[in-house]
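Since the structure comes first, as structure tokens, the remarks are kept for the end.
The values are calculated or read from the model by the stated rules, or taken from the named source; none is laboratory data. Everything numeric in this text was worked out from a predicted model, so none of it was measured. Here Cβ is always computed from backbone atoms with ideal geometry, including for glycine, and neighbour counts include all displayed protein chains.
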Amino acid sequence: MKKYDVVALGELLIDFTENGKSNQGNPLFEANPGGAPCNVLAMLTKLGHKTAFIGKVGEDFFGEQLRDVITEVGIDAKGLCTDKEIHTTLAMVHTYPDGDRDFSFYRNPGADMMLNKTEVQAELIKETKIFHFGTLSMTHEGVREATKEAIRIAEESGAVISFDPNLRPPLWNSLDEAKEQVLYGLAHCHILKISDNEIQWLTGEEDYTAGVNWIRERYQIQLILVSMGKEGSRAYYNGTMVEVKPFLQKNTIETTGAGDTFCGCVLHYICEHGMEGLDENKLKEMLTFANAAASVITTRKGALRVMPTRDEIQKTCEM
């Protein structure tokens with residue numbers, strides 16, 4: 001028996017999200033805890049799973065806030081390191097009227113990119129059923145080495161490996177470098193969660209199924225999930241493709257964390273049911289639950305601290 005259901009490695013940062021205007025007409029920003037890997041873990045923890053995080057924050061006010069928050073929501077923070085010289089990474093999130101968003105990162109450098117290979121706690125990874133990672137921890141050489149070391153340990157210990165590229169073009173020296181690291185992730189995962197625009201960018205295919213086929217011709221990935229925003233989501237497993245429509249909310253305010261919430265629910269389903277024998281009904285059940293959770297999070301600012309409960313998700317499924 002493993003101690004953890006899911007361990008994730010990657011960025012933990014502050015998302016400054018717009019929250020109205022001051023009396024002088026200036027935009028007000030709320031300091032929300034964020035970072036895709038911890039958002040995924042927060043959803044899993046809300047559903048009763050044991051999780052742990054590996055990453056790095058600065059020795060500053062925001063770093064302390066983030067450590068306190070992930071501990072508060074139930075994520076094991078023993079793998080979270082502190083950098084004494086580099087500040088915690090910050091992101092300014094601009095929200096458009098339809099709830100979509102754009103990011104401006106303060107990360108040149110940021111503490112999350114300073115994690116190094118020697119700081120990766122191997123015992124956490126050896127003790128998990130699933131290891132999850134993205135590409136923000138692969139943008140620079142030192143943290144890239146740390147990520148690849150973590151993947152190596154996960155493979156040796158027999159963990160199921162989950163990968164979400166979570167592409168943020170401004171953080172890369174070039175998109176060619178980004179593509180190289182995404183392809184590395186594809187070569188080392190059993191579960192791939194990829195967004196509609198990412199699969200089109202990566203494969204050059206406008207049709208998602210053609211994009212999945214492009215990936216499968218090159219990499220043996222058991223379960224591929226394509227998140228399609230307002231079009232819902234798809235799961236590709238062996239020869240089966242299942243598509244489930246979204247649950248559109250009238251009171252959506254922003255989409256930050258929706259993909260992470262979706263991913264957390266998929267990993268929740270795998271924790272409960274395993275990777276074998278996922279027939280059409282099971283895939284539909286998995287996607288319906290994940291789509292419902294993602295829709296709920298779009299009605300809230302931030303994600304990590306406000307993940308939906310199982311009851312809230314089930315009620316949305318019944319809408």
Only residues that are in contact with a strand residue (DSSP E or B) (Cβ under 7 Å, 6 or more places away or on another chain), surrounded by 20 or more Cβ atoms within 10 Å (Cβ to Cβ) and either assigned to a helix (DSSP H, G or I) or not polar (S, T, N, Q) (or both): list them for the stretch 187-203, please.
Cys189, Ile191, Leu192, Lys193, Ile194, Ile199
Scanning the stretch 108-135 residue by residue, those over 26 Å from Cys189 (Cβ atoms), loosely packed, with under 15 Cβ neighbours inside 10 Å and either among the acidic types (Asp, Glu) or modelled with pLDDT of 95 or more (or both) turn out to be none
So is Ala91 closer than 25 Å to Thr299 by Cα, out of contact with any strand residue (DSSP E or B) (no Cβ under 6 Å at 6 or more places or on another chain) and buried (at least 19 other Cβ atoms within 10 Å of the Cβ) or not?
no
Please go through the stretch 124-147 and give me each residue that is of a type in the set (D, E, K, R), over 20 Å from Asp83 (Cβ atoms) and part of a helix (DSSP H, G or I), ordered by number.
Lys126
Within the stretch 224-256, how many residues turn out to be among the hydrophobic types (A, V, I, L, M, F, W, C), in a strand (DSSP E or B) and under 26 Å from Leu175 (Cβ atoms)?
3
Over the stretch 255-280, the set of residues surrounded by 23 or more Cβ atoms within 10 Å (Cβ to Cβ) and of a type outside the set (Gly, Ala, Ser) is Thr256, Asp260, Thr261, Phe262, Cys263, Cys265, Val266, Leu267, His268
Filtered residue count, the stretch 70-107, keeping only those that are under 30 Å from Lys50 (Cα atoms), assigned to a loop (DSSP other than H, G, I, E, B) and at pLDDT below 95
0
Return the residues of the stretch 187-197 that are free of Cβ contacts under 8 Å to residues at least 40 places away in the same chain, within 19 Å of Met228 (Cβ to Cβ) and among the hydrophobic types (A, V, I, L, M, F, W, C); say none if nothing qualifies.
Leu192, Ile194
Which residue is nearest to the chain's Cα centre (by Cα), if the candidates are limited to the stretch 292-319 and must be outside any loop (DSSP other than H, G, I, E, B) and acidic (Asp, Glu)?
Glu312
Ala52: of a type in the set (A, V, I, L, M) and either in a loop (DSSP other than H, G, I, E, B) or surrounded by fewer than 24 Cβ atoms within 10 Å (Cβ to Cβ) (or both), yes or no?
no
Working only within the stretch 5-46, note down all residues that are more than 24 Å from Gly142 (Cα to Cα) and either of a type in the set (Lys, Arg) or in a helix (DSSP H, G or I) (or both).
Lys21, Ala42, Met43, Leu44, Thr45, Lys46
